[in-house]
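The values are calculated or read from the model by the stated rules, or taken from the named source; none is laboratory data. None of these values were measured; they are calculated from a predicted model. Virtual Cβ from ideal backbone geometry, glycine too; neighbours counted across all protein chains shown. Only protein heavy atoms, including side chains, enter the accessible area calculation; ligands, DNA and RNA are left aside. Shrake-Rupley method; radii C 1.70, N 1.55, O 1.52, S 1.80 Å.
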Amino acid sequence: MKMLALALLMSVVPAPVAPELVALGDSYAAGLGAGDEASDDCRRSPHAHPKLWAERNSASLVFAACAGARTADVVGQAERITPSATLVTITVGGNDAGFSDVMTTCTLGGDDECAQRVDVAVRFIRDELPGRLDEVYGVVGDRRSASAEVVVLGYPRLFSFETWCLMSEPKRAAVNRAADVLAEVTGDRAKAAGFTFADVREAFDDHGVCADESWLNGLVLVPVDRSYHPNRAGQEAGYLPALTEAAL
């Protein structure tokens, strides 16, 4: 009788839900720069933090993040959120703000040209980006289940100042200033949506481009699209711990 009762009890206790991560976003979420990237347009890497988190938590992964994605693209990616998703991650906004053009201008132009291009990006981040992020977060909020957690991961400051660098100090300061504004705006809109914001700036502070132990690629000639993106250490030691802590 006891065995029968135990069997009946076990038959009505639901099995634990297996975690499922849906990773949305741009190249920083796709892992471009970390190596071994796919040769297609999305450039996903097996060393990207969503892939690492899924492996370490025995979770299934819907890897929707894609290099070059802007907020409008992530609205489309959100269609891949399933009712079984337990965690959704998002990294987006840099491409809307013209990240690639900013870095091209600051790499090839003078200090004043760099500062002026950064000013344009900062105005966009303050004036235009909040509404675009609200749209993304609204769609994600509508599609996720009530129990699914959403973690928005930000971007690091790109540059360190401890050592000599090919990029001048005024340029590095200008680019880092834009990163600070982007983090502030992204964090504010994520919190307004009821999501968790994982700010990675502090983790990367001693590991920017030109640091002795850099977690970010500098200018890479081949392939050039890896430039100014987290390398493998940045994904493993920077982004993965930030996601792990935020998703607790």
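All but one of (1) under 25 Å from Glu37 (Cα atoms); (2) without any contact (Cβ under 8 Å) to a residue 12 or more places away in the chain hold for Ala211; which doesn't? For Ala211, the exception is condition (2).
Residue count for the stretch 184-201, restricted to those that are open to solvent by 10 Å² or more (accessible area, probe 1.4 Å) and not in a strand (DSSP E or B): 11.
When the stretch 218-230 is filtered for residues that are open to solvent by 30 Å² or more (accessible area, probe 1.4 Å) and in a loop (DSSP other than H, G, I, E, B), the ones remaining, listed by number, are Leu219, Val220, Leu221, Val222, Pro223. In the set (1) out of contact with any strand residue (DSSP E or B) (no Cβ under 8 Å at 6 or more places or on another chain); (2) of a type outside the set (Val, Ile, Thr); (3) more than 19 Å from Leu129 (Cα to Cα), the condition left unmet by Ala67 is number (3).
Scanning the stretch 140-160 for residues that are touching a residue at least 60 places away in the same chain (Cβ under 8 Å) and open to solvent by 40 Å² or more (accessible area, probe 1.4 Å) gives Arg143, Arg144, Ser147, Glu149. Regarding the stretch 81-97, can at least one residue be identified that is under 22 Å from the mean Cα position of the chain (by Cα) and assigned to a helix (DSSP H, G or I)? Among the residues of the stretch 81-97, not one is under 22 Å from the mean Cα position of the chain (by Cα) and assigned to a helix (DSSP H, G or I), which makes the answer no.
Conditions (1) free of Cβ contacts under 8 Å to residues at least 60 places away in the same chain; (2) surrounded by 15 or more Cβ atoms within 10 Å (Cβ to Cβ), marked per residue:
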residue	(1), (2)
Glu79	no, no
Cys114	no, yes
Arg132	no, yes
Tyr137	yes, yes
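Report whether or not Ala178 is in a helix (DSSP H, G or I) and open to solvent by 40 Å² or more (accessible area, probe 1.4 Å). When the stated conditions are applied, Ala178 does not pass them. Between Leu61, Leu32, Leu52, the distinction of being modelled with pLDDT of 95 or more, open to solvent by 30 Å² or more (accessible area, probe 1.4 Å) and touching a helix residue (DSSP H, G or I) at 6+ places or on another chain (Cβ under 8 Å) belongs to Leu61 only.
For the stretch 105-158, a residue qualifies if it is of a type in the set (Gly, Ala, Ser) and outside any helix (DSSP H, G or I), and the qualifying residues are Gly109, Gly110, Ser145, Ala146, Ser147, Ala148, Gly154. Somewhere in the stretch 118-130, is a residue crowded, with 20+ Cβ neighbours inside 10 Å, within 17 Å of the chain's Cα centre (by Cα) and touching a residue at least 12 places away in the same chain (Cβ under 8 Å)? Yes; the residues of the stretch 118-130 include at least one that is crowded, with 20+ Cβ neighbours inside 10 Å, within 17 Å of the chain's Cα centre (by Cα) and touching a residue at least 12 places away in the same chain (Cβ under 8 Å).
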